[in-house]
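Where a number appears in this text, it was derived from the coordinates with a stated rule and is not lab data. Everything quoted here is computed from the prediction, not taken from an experiment. Don't worry about glycine lacking a Cβ; one is built from the backbone with ideal geometry, like all the others, and counts go over all protein chains shown.
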Amino acid sequence: MSNPKEFSKPSDPQRKTDDRRADRRRLLQGGLAAAPVLLTLVSRPVLGAQCTTTSAKVSPGASGPGNRVAVCSGFTPGFWKQEQHFSSWPSPYIPKTVQGVGDRQATKFHPCFAGSQFGSKTLLEVLDPSTADRAALARHIVAALLNAQSGRTPVLTVGGVKTIWAECTAKGCYEPTAGVRWYPQDIVAYLKTTMPL
């Protein structure tokens, strides 16, 4: 009869890496239920509060001393790109160029955010869907910027959103706290927890 302990040993380092990735994927796929867990991992001021929706429940003890719980009512990239919602764009951001008295130019992605990949595009153009990790991240970053500027996501500031983009662009990932790395898909998963509408 074989020893049961033999079956619990990892067969190689790749298996350990795959297991860690699967664990992280399961955690992130938890959606809003995972938000309190994710936010427990982070310590930067930009992510120092828990984000919940009016319909979501916060786990017991989550609003204890030192923890802030905020209601987020951010809109998705799909909302912000619809013409009928252009009047909701917070100042100073402009979705489309307005011709006539006091011409107003559509806000460009750059200089709001660094990065030449989207440098010549407007914020509205970046909101268009794409499957590429960096484009999906940019789309959600623009929505997060508009949500933060309009006060819909108290857990994120305009400066914090810009920091997430700048760090991910420079390093390929964002570190919400020392030793924790969020890659584009991880950042998108977090930002989606602030966009229930």
Which one of the conditions (1) farther than 18 Å from residue 51 by Cβ; (2) surrounded by fewer than 19 Cβ atoms within 10 Å (Cβ to Cβ); (3) not small (Gly, Ala, Ser) does residue 95 fail to meet, given that it meets all the rest? (2)
Tally up the residues in region 162-197 that are small (Gly, Ala, Ser), closer than 20 Å to residue 118 by Cβ and in contact with a helix residue (DSSP H, G or I) (Cβ under 6 Å, 6 or more places away or on another chain), please. 0
